[in-house]
1. Just one of Asn44, Asn63 is out of contact with any helix residue (DSSP H, G or I) (no Cβ under 9 Å at 6 or more places or on another chain) and in a helix (DSSP H, G or I); which is it?
2. Name the residue that is most open to solvent (accessible area, probe 1.4 Å), counting only residues in the range 73-86 that are polar (S, T, N, Q) and more than 16 Å from Val105 (Cα to Cα).
3. The conditions are (1) closer than 30 Å to Glu177 by Cβ; (2) exposed (fewer than 13 other Cβ atoms within 10 Å of the Cβ), and Pro65 fails exactly one of them. Which is it?
4. Which residue pairs have Cβ atoms closer than 7 Å, lie 6 or more positions apart in sequence or on different chains, and pair a first residue in the range 18-44 that is free of Cβ contacts under 8 Å to residues at least 60 places away in the same chain with a second residue that is among the polar types (S, T, N, Q)?
5. Just one of (1) open to solvent by 100 Å² or more (accessible area, probe 1.4 Å); (2) among the charged types (D, E, K, R); (3) modelled with pLDDT under 95 trips up Asp57, so point out which.
6. Given the range 103-182, what helices (runs of 4 or more DSSP H) lie entirely inside it while holding 1 or more residues that are surrounded by fewer than 12 Cβ atoms within 10 Å (Cβ to Cβ)?
Amino acid sequence: MLRGNGRLPYATAGLPVEGAIERRKAQIAKQAQDLREKQIQGANQLRQSRRDRFCIDAETELNGPALGAFLNTKRDDLSGMTPLESAQDSESGLTRARNALSDLVRQRVSAAEADAERKRYQEMITADAVRSLPPEHVDTFLNGRDDDLGRITPLLFARDEATYLKALKKLSEWQREFGQPF
């Protein structure tokens, strides 16, 4: 029993083994402490590994101040944690943080595509106005607010095909009123 096989006795039955029992108890406590330390070290290594994997993913998708802002901003969809904290917390937290990163990247891509489309239609209405109106009326048309366009300038109103066609209709009205360019 004293050599690590079996339980320690509670009573000594008159045998002079009390010192050996105390030493065995100390040895058991030390083994338990070593095991706890090893488990804590393993858990910390896993936390660091999850953090590193997430940081690599985030750095490939984001850069500059946007990266720091994303990593350190508490989010409701991550239970009030930052993406870094969520990634460190558990594998499911890492998955949720990666999903939040994917959502952010998807939003940025769609916003960039919408901006590019809006810019293309604005360039088209500007080119049409330059071709259709005298030079002195082009800026007035493009930057003048119009009730038919919701009190928005035709330049800002043209952001997709439907709004571009409405702005073209307004341009044709201006063309009839102010004539062809010379």
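1. Values: Asn63 fails: in a helix (DSSP H, G or I).
After applying the criteria, what remains is Asn44.
2. The residue in question is Ser79.
3. Of (1) closer than 30 Å to Glu177 by Cβ; (2) exposed (fewer than 13 other Cβ atoms within 10 Å of the Cβ), only one is false for Pro65: (1).
4. So the pair list comes out as Glu18/Thr12.
5. Only one criterion is unmet by Asp57, namely (1).
6. Details: elements: 135-143, 154-157, 161-178.
Helices (runs of 4 or more DSSP H) meeting the threshold: 135-143, 161-178.
The values are calculated or read from the model by the stated rules, or taken from the named source; none is laboratory data. From a predicted model like this one, the values you see are computed outputs, not experimental measurements. Neighbour counts run over all protein chains shown; Cβ positions are idealised from the backbone, glycine included. Areas reflect the complete protein model, heavy atoms only, side chains present, ligands, DNA and RNA absent. Shrake-Rupley method; radii C 1.70, N 1.55, O 1.52, S 1.80 Å.
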